[in-house]
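Data block below; observations after.
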Amino acid sequence: MSDDDKSPNREPEEAMDASDDDDDDDDKRRARSPVREDSPMRSRSRSRSRSPRRSPPRRDRERDRRPSPEGDVIEVSDKDAAFVLGRGGSTKNKIARVSGAKLDLRDEGRGSGGKLFISGDAAAVTRAKDYVAFILQQRVGPVAIDPNLRRDDLSIVRVPTECVGFVMGRGGAVLRDVEEEWGTLMFFAEPKDSGAKRDEEILAIFGSRRGRRGSELKVMSAVEHKKPGAFLDGESLRTPLDQPGDGEPGDDFDYDTFPFSADEFSYALGARGSTRKKLAAAAGCIMEYIGTVAFIAGNARERRQGREYLEWLMTQREGKLYVDVSDRDDVTIVECPKAHVGYVTGHKGANLRSVEQKTRTFIFTNEPPAGDERDDGDDDVDDVDMDDDGGGEKKKKKK
C-alpha cells in the first residue's frame with residue numbers, strides 16, 4: 001500500500017493522537033493550577049445549588065399572633081370578621097375612634113376566620129372589647145342593655161317607636177351621619193328590664209361625654225320635629241338630661257336653654273341650619289334646637305359665649321348691633337371705611353357668610369348709635385367684629 005493510500009486512514013488516528021496530547025497537556029495544566037476553594041468557578045457552582053427554603057420555627061410564626069402586654073385577641077369567624085371590618089374598614093375604624101384603642105384584624109387564611117388584635121391602655125381595650133361584642137350581637141339579634149346602667153361612656157335616649165325609622169334613616173344613614181359628626185357608636189337596643197314601655201325603644205350612645213351629649217341633642221331634635229312634645233313640655237324638658245359626670249363637684253360641663261319666639265326661630269336656624277352651626281362653631285359649644293328652644297352645652301365659657309352670640313344675633317335681626325368689646329378676649333376688630341362696607345359684606349351678606357364658614361367665626365358690623373357717648377365721631381369708619389372661641393388677641397386695622 002502506497003503512502004498516498006495510507007494518508008487518508010491516518011487522519012483520524014492523528015486527530016485522536018492530537019486529542020490525547022491535548023488532554024495530557026490539559027491534565028498537566030490542571031495539575032499545575034489546582035482550583036482553589038475561593039475560585040470563581042467554585043463560587044458559581046455553589047451559587048447555582050440552592051438549599052431548600054426552611055419555614056421559621058412554629059414559635060416564631062406564633063410570636064406575631066400573641067397579644068401585646070397592653071392588649072387582647074378575639075378570634076372571629078369569616079362572617080364576623082367582615083361584620084367587624086365594615087365597608088372599607090368603616091366599622092373597625094369607628095370602634096377604634098370611639099374606644100381609643102388600636103384594632104388590627106388579621107386573616108388566618110384557609111377559611112379559618114381571623115384574629116382581632118386590640119391594643120391600648122386597659123380602659124380602652126375593655127371598651128373596644130365591649131363594642132366589638134355589641135357589634136357582633138347585632139348580626140344575630142338585638143342587643144340587650146339595661147337602660148338604667150351607669151357607665152361613663154354610655155348615654156341612653158328613649159325614642160318613641162314611631163320615630164325610630166326617622167332617626168335611623170334609610171339603611172341607617174342618618175344614624176351613621178350623627179356618629180361621624182360626634183365620634184360616637186350608636187345603636188337601638190332591647191331593654192333588659194321588663195318594665196320598659198312598649199311604645200318606645202332605647203338608643204344606646206357610646207363615646208366621650210361631649211360626643212354623647214352632641215349626639216343625644218341631635219337625636220332629640222329630630223324626634224321633637226317628628227313628634228312635637230316628645231321631649232318638651234313648653235320650654236322645658238319633660239325629663240332633664242342626665243349622664244355620668246353631670247352635677248359632680250368642680251364640674252362645669254352642663255347645658256343651658258334659650259327659647260325663641262315663633263318668628264325668631266327661622267332666623268336663628270338659617271338655611272339648612274347654617275346660622276346655628278356658625279354660632280356653635282364660633283362659641284365652641286354644642287348647640288341644637290329642640291322644638292323652638294336652643295340647647296347650649298359645654299363648659300361655662302362655651303355656654304356663656306353661645307348665649308351671648310344668640311342674643312347679639314336677635315338684636316342684629318332688629319337693626320344695627322353694637323357690642324362693647326373692650327374687655328373681651330374672643331373678639332378681633334377690623335376698622336373698615338363706610339364706603340367699603342357693602343363690598344366687604346357682599347350681596348345680602350354673602351361675602352361675610354363665606355368668611356364665617358371658612359374661619360368658624362361670627363362676624364358683624366359694630367357701630368354705636370349716632371350721638372352715643374361711645375361713638376368715636378368718625379363717620380367714615382365702621383368696626384367689623386369677628387368673634388370666636390380661641391381667646392385671640394383683639395386687633396385693630398385701619399383700611
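The values are calculated or read from the model by the stated rules, or taken from the named source; none is laboratory data. Note that the structure is a prediction, hence the values are computed from the model and not measured. We place every Cβ from the backbone using ideal geometry, glycine too, and count neighbours over all the protein chains shown.
In the range 99-117, the residues that are in the same structural domain as D130 (by TED's automatic domain parsing) reach residues that are modelled with pLDDT under 85 and of a type in the set (K, R) with C-beta atoms within less than 8 angstrom, at least six apart or across chains, in these pairs: R106/R65; K115/R65.
For the range 138-161, the set of residues classified as farther than 26 Å from V223 by Cα and either surrounded by 14 or more Cβ atoms within 10 Å (Cβ to Cβ) or β-branched (V, I, T) (or both) consists of V140 only.
Looking at this structure, is A123 at pLDDT 90 or above, over 24 Å from S77 (Cβ atoms), surrounded by 12 or more Cβ atoms within 10 Å (Cβ to Cβ) and in the same structural domain as S99 (by TED's automatic domain parsing)? Answer is yes for this residue. Looking only at residues in the range 67-120 that are part of a strand (DSSP E or B) and of a type in the set (G, A, S), which one is modelled with the highest pLDDT? If we take residues in the range 67-120 being part of a strand (DSSP E or B) and of a type in the set (G, A, S), then S119 is modelled with the highest pLDDT.
Kindly establish whether I296 is surrounded by fewer than 18 Cβ atoms within 10 Å (Cβ to Cβ) and part of a strand (DSSP E or B). So I296 does not fit the description; no. For the range 244-274, give me the residue count where each residue is closer than 18 Å to R303 by Cα and in contact (Cβ under 8 Å) with a residue 60 or more places away in the chain. Residues in the range 244-274 being closer than 18 Å to R303 by Cα and in contact (Cβ under 8 Å) with a residue 60 or more places away in the chain: 1 in total. Applying the condition of being in a loop (DSSP other than H, G, I, E, B) and among the hydroxyl-bearing types (S, T, Y) to the range 316-343 and asking which residue is nearest to Y267 (Cα to Cα) yields Y322.
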